[in-house]
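Structure record follows, encoded as structure tokens.
The values are calculated or read from the model by the stated rules, or taken from the named source; none is laboratory data. Note that the coordinates shown come from a computational prediction; the quantities given were computed from them, not determined experimentally. Cβ coordinates were reconstructed from backbone atoms using ideal geometry, including for glycine residues, and neighbour counts include every protein chain displayed. Note: areas computed on protein heavy atoms with side chains; ligands, DNA, RNA excluded. Shrake-Rupley method; radii C 1.70, N 1.55, O 1.52, S 1.80 Å.
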Amino acid sequence: MDTYAPIAGTILIGFVCGVLGLVWTLRVLRDWRVTCRRPDGRRVVTGAGLGLAVSAVLAALVAQILQFDPLIGGASWVCVLTVAIMAVAGLLADSAHPAVRPGVVAPLRGRGRGTGTTGALKSLGALAAALLGARLLAPASTTELVVNAALILVWAHLLDSVATGPGRALKVYWVCWFALLLFVSPAASLRTIPLAIASMLIGPYDLSGRARVGSAGALALGASLGLSACTGIASLGARVLLVAGGLCVSVYLAWRPLRAVTREHPALAVIDAWGTPSAATPEAEDE
């Protein structure tokens, strides 16, 4: 019983804080009109992913008050702080009209959709969050600092790059989170259970097109994966391979749009369509 008590407590705190954080955030963002308009005329919150960071911060505060060991400690607060800054950087893009291009690199060019200033702020905010998170992990050397920062930033960029349709960023996050939990470091994944639960709570809304996690959610979730890998993988070489793998996938998606990739691979098309009603597929118009 004692073995499962920390996990049960973490899940309970994550669920309660997830509900409270998401409900409050969605209400505030709707009042601030951080929204777009669907083809059917309904307004949709575009920066709902900020609620993931709010839920994670709230869970960390509750755990601190209750002195709940699995969710307090240096690594947990590093994750919460990094995720929060990433979410705020993403919210800048989600609230911009016209919309800022997905990813971290493309907005810096200031071309196509979006404004150069907002895109640059988003990218610089993501870079600052990655550097801060890597520095707070107390790396043993400058090389480790650079690798950890690159791992956080690359995976944040990757999830933001795939957030081009309902539920896509969430599905990639869930697959990677369970892979880290089962095959890499259960302890590192345990600290991010509140964030994972919040992502599952917002999942039905994002999949159905009733809300969008947007760049705020994608950057936050990607950064948490990078941080979990930094703390859960002792080998510096393995982390370098993860950075290289994330870069390769990012370059491929920049050359080949995700929509085209899913059309060419039936298995990916099934996963992409899972849980997404046909009515949620059309892109909403910016309000």
**Request:** Determine which member of the set Ala63, Ala53 is in contact (Cβ under 8 Å) with a residue 40 or more places away in the chain, part of a helix (DSSP H, G or I), more than 14 Å from Gly217 (Cβ to Cβ) and open to solvent by less than 10 Å² (accessible area, probe 1.4 Å).
**Result:** Ala63
**Fill in**
Here the residues within segment 178-190 that are part of a loop (DSSP other than H, G, I, E, B) and among the β-branched types (Val, Ile, Thr) are none
**Prompt:** Taking segment 117-134, which residues are modelled with pLDDT of 95 or more and open to solvent by 50 Å² or more (accessible area, probe 1.4 Å)?
**Reply:** Leu127, Ala128, Leu131, Leu132
**Fill in**
(1) modelled with pLDDT of 90 or more; (2) touching a His at 6+ places or on another chain (Cβ under 8 Å); (3) among the small types (Gly, Ala, Ser) all hold for Gly103 apart from (1)
**Request:** Take the residues in segment 247-277 that are under 30 Å from Val147 (Cβ atoms) and part of a loop (DSSP other than H, G, I, E, B), then tell me which one is modelled with the highest pLDDT.
**Result:** Arg256
**Request:** Answer yes if at least one residue in segment 34-41 is open to solvent by 80 Å² or more (accessible area, probe 1.4 Å) and without any contact (Cβ under 8 Å) to a residue 40 or more places away in the chain, and no otherwise.
**Result:** no
**Fill in**
Pairs returned, first residue in segment 232-252 that is buried (at least 18 other Cβ atoms within 10 Å of the Cβ), second residue that is modelled with pLDDT of 95 or more and among the β-branched types (Val, Ile, Thr), beta-carbon separation under 6 angstrom, 6 or more apart or interchain, are Arg239/Val147; Val243/Val154; Gly246/Val154
**Asked** Taking the stated definitions as given, is Ala84 open to solvent by 20 Å² or more (accessible area, probe 1.4 Å), of a type outside the set (Val, Ile, Thr), at pLDDT below 90 and assigned to a helix (DSSP H, G or I)?
**Response** no
**Asked** Looking at Pro6, is it in contact with a Pro (Cβ under 8 Å, 6 or more places away or on another chain), open to solvent by 30 Å² or more (accessible area, probe 1.4 Å), assigned to a helix (DSSP H, G or I) and touching a residue at least 40 places away in the same chain (Cβ under 8 Å)?
**Response** yes
**Prompt:** Quick check: anything in segment 155-177 open to solvent by 40 Å² or more (accessible area, probe 1.4 Å), assigned to a helix (DSSP H, G or I) and free of Cβ contacts under 8 Å to residues at least 12 places away in the same chain?
**Reply:** yes
**First in segment 181-205 and in contact (Cβ under 8 Å) with a residue 12 or more places away in the chain, second anywhere and among the aromatic types (Phe, Trp, Tyr), Cβ under 7 Å, 6 or more apart** = Ser189/Trp177; Ala196/Trp177; Ile197/Phe15; Ser199/Tyr173
